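Asker: Before we start, here is the structure in question, set down as structure tokens.
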Amino acid sequence: MASTRSGNRRTRVHVVSDVHGNARDLARAGVGADALICLGDLILFLDYADHSRGIFPDLFGKENADRIVELRTARRFEEAREFGARLWAGIGTDRAAAIEKAVRKQYAELFAAFPTPTYATYGNVDMPRLWPEYARPGTTVLDGQRVEIGGRTFGFVGGGLRTPMRTPFEISDEEYAAKIEAVGEVDVLCTHIPPEVPELVYDTVARRFERGSRALLDAIRRTRPRYALFGHVHQPLARRMRIGATECVNVGHFAGTGRPWALEW
């Protein structure tokens with residue numbers, strides 16, 4: 001990465017989200033930047049574009065991955081849960097232990113790929129309790145907290161809101177709003193999920209609205225950060241829009257593109 005800022009030299013930050021197992025591109029995502037920001041979803045549980053990739057097909061095979069994607073895309077979540085439960089019962093092992101073993105393997109590779117410095121927060125498919133074991137010196141984990149980079153203040157809020165998908169790090173609207181409030185006024189507001197705006201939360205491939213945050217939208221309108229950066233929705237109807245004085249930008253889907261979004265000042 002570039003050296004830290006000195007004199008009047010410009011600062012450049014690269015931002016990624018929804019890494020989903022793409023350690024190869026993550027290892028070079030900070031090249032030419034003063035810092036890397038990662039907005040979560042490191043883990044690849046199931047690749048909706050390639051059903052042969054991820055923890056689920058590794059355990060149950062591509063045909064079963066095809067079926068569960070079909071059910072989820074059709075919003076038949078209860079059927080998907082029942083189908084998944086039958087698969088887990090069939091392999092005769094503890095589900096939590098099997099998932100954690102696979103997640104640990106991915107985290108070891110992904111955290112090793114982070115350049116220095118990296119500032120990261122959790123996505124809804126991440127397991128925050130494991131992060132302290134893998135975050136090396138030079139990687140700062142932030143959630144409901146602020147940090148200064150190149151003279152600008154960045155606020156971070158991780159995780160997602162509760163959904164029928166029941167992903168690992170979903171929290172209540174109240175808990176999420178409290179973290180937004182704790183961050184306060186910043187120059188750049190960094191979150192995993194987008195504000196609750198239809199064009200920003202609709203996934204054109206999955207053909208469904210993902211959960212966005214009303215509290216985040218209210219904070220953007222109230223505190224007017226220069227930028228609001230987020231991921232979570234892989235193929236949004238709109239990748240960026242202005243809300244008042246704030247430029248809102250979806251910086252995912254890194255797993256598919258392998259390219260970070262750049263912010264320079």
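The values are calculated or read from the model by the stated rules, or taken from the named source; none is laboratory data. Keep in mind it's a predicted model, so treat the numbers as computed, not measured. Methodologically, a virtual Cβ is constructed for each residue, glycine included, from the backbone with ideal geometry; neighbour enumeration extends over all protein chains shown. Note: areas computed on protein heavy atoms with side chains; ligands, DNA, RNA excluded. Shrake-Rupley method; radii C 1.70, N 1.55, O 1.52, S 1.80 Å.
Asker: Restricting attention to segment 144-182, which residues are within 18 Å of the chain's Cα centre (by Cα) and aliphatic (A, V, I, L, M)?
Answerer: Residues satisfying the conditions are Val157, Leu161, Met165, Ile171, Ala177, Ile180.
Asker: Quick one: would you say Met127 is within 14 Å of the chain's Cα centre (by Cα) and more than 21 Å from Val13 (Cα to Cα)?
Answerer: Answer is yes for this residue.
Asker: From the set of residues in segment 101-133 that are surrounded by 18 or more Cβ atoms within 10 Å (Cβ to Cβ) and of a type in the set (Ser, Thr, Tyr), which is nearest to Leu46 (Cα to Cα)?
Answerer: That would be Tyr107.
Asker: Quick one: count up the residues across segment 211-265 that are under 15 Å from the mean Cα position of the chain (by Cα) and open to solvent by less than 40 Å² (accessible area, probe 1.4 Å).
Answerer: 17
Asker: While we're looking at this one, here's another question. Considering each of Arg28, Arg53, Arg72 in turn, give the residue that is closer than 30 Å to Ile149 by Cβ and either surrounded by 18 or more Cβ atoms within 10 Å (Cβ to Cβ) or modelled with pLDDT of 95 or more (or both).
Answerer: Result of the check over Arg28, Arg53, Arg72: Arg28.
Asker: Going by what's in this entry, would Asp187 be described as open to solvent by less than 70 Å² (accessible area, probe 1.4 Å), free of Cβ contacts under 8 Å to residues at least 40 places away in the same chain and under 19 Å from Glu247 (Cβ atoms)?
Answerer: In short, no.
Asker: Sticking with this structure for a sec: Mind checking which pairs have a first residue in segment 29-43 that is over 16 Å from His253 (Cα atoms) and a second that is open to solvent by less than 10 Å² (accessible area, probe 1.4 Å) and part of a loop (DSSP other than H, G, I, E, B), Cβ under 6 Å, 6 or more apart or different chains?
Answerer: Short answer, once both residue conditions are applied: Asp34/Thr11.
Asker: Taking the stated definitions as given, is Pro195 touching a residue at least 24 places away in the same chain (Cβ under 8 Å), touching a Gly at 6+ places or on another chain (Cβ under 7 Å) and either open to solvent by less than 60 Å² (accessible area, probe 1.4 Å) or among the aliphatic types (A, V, I, L, M) (or both)?
Answerer: Considered against the rule, which asks whether it is touching a residue at least 24 places away in the same chain (Cβ under 8 Å), touching a Gly at 6+ places or on another chain (Cβ under 7 Å) and either open to solvent by less than 60 Å² (accessible area, probe 1.4 Å) or among the aliphatic types (A, V, I, L, M) (or both), Pro195 comes out as yes.
Asker: Evaluate the following for Val205: is it over 16 Å from Ile37 (Cβ atoms), buried (at least 18 other Cβ atoms within 10 Å of the Cβ) and of a type in the set (Val, Ile, Thr)?
Answerer: Answer is no for this residue.
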